[in-house]
Amino acid sequence: QEVYVAKNFMSFSVPADPSAYRNQILAKIQKDSVLAVNFTYPADSSMRLERIGDVWNVNGQLADSTLAAAYLSGLNVVSGKEFMDEDPSGLIAPSLTATFELINGTSVSIEAFDQDGSWVYHSSENEESYFTDASILDKVFKGMSAFK
């Protein structure tokens, strides 16, 4: 019988990065289950995106339903690979919050904390993890112009 040796075989099948073993999902939001999104921003820039029947409104004004649907479709899986491993007790109050009100009466909140010029993200769906992926900011937190 012949015996074969594959050098570094395990390096192909076992990730070397420890974050690969962590829950990398910040939130999963099904677009058809969202009734409204409350964006809580500093000053007077907060807004509410709301579905009334088949029509989306932002702060009571008609929104582009295609843009609203595209935004929500992009939130099917919000994930990250960069984690904040420091103690999160220094994060006092979020600078930005997006709260998704769902058809089943529950809600999902995603918070962004400004920490010395960089962002840290946390959600009510994955309470154990804090993420630092820069891409999350543009994916989750939108201004009113994104829906017009």
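The values are calculated or read from the model by the stated rules, or taken from the named source; none is laboratory data. Predicted model, so just to flag it, every value in this text is computed and none were measured. For neighbour counting, all protein chains shown are included, and Cβ atoms are generated from backbone atoms with ideal geometry for every residue, glycine included. Ligands, DNA and RNA are excluded from the accessible area calculation, which covers all protein heavy atoms including side chains. Shrake-Rupley method; radii C 1.70, N 1.55, O 1.52, S 1.80 Å.
Any residue at all in the stretch 3-22 that is open to solvent by 80 Å² or more (accessible area, probe 1.4 Å) and either within 20 Å of S124 (Cβ to Cβ) or at pLDDT 95 or above (or both)? Yes, some residue in the stretch 3-22 is open to solvent by 80 Å² or more (accessible area, probe 1.4 Å) and either within 20 Å of S124 (Cβ to Cβ) or at pLDDT 95 or above (or both). If you go through the stretch 78-109 and keep only what is in contact with a strand residue (DSSP E or B) (Cβ under 7 Å, 6 or more places away or on another chain), within 17 Å of K139 (Cβ to Cβ) and assigned to a loop (DSSP other than H, G, I, E, B), you end up with G80, E82, P94, S95. May I ask you to list the residues in the stretch 33-64 that are without any contact (Cβ under 8 Å) to a residue 24 or more places away in the chain, open to solvent by 70 Å² or more (accessible area, probe 1.4 Å) and closer than 26 Å to E125 by Cα? The answer is R48, I52. In the stretch 123-136 there is at least one residue matching the filter, namely being touching a residue at least 40 places away in the same chain (Cβ under 8 Å), assigned to a strand (DSSP E or B) and within 24 Å of K31 (Cα to Cα).
Tell me which residues, restricted to the stretch 102-118, are crowded, with 19+ Cβ neighbours inside 10 Å and in contact (Cβ under 8 Å) with a residue 24 or more places away in the chain. Hits for the stretch 102-118 are V108, I110, A112.
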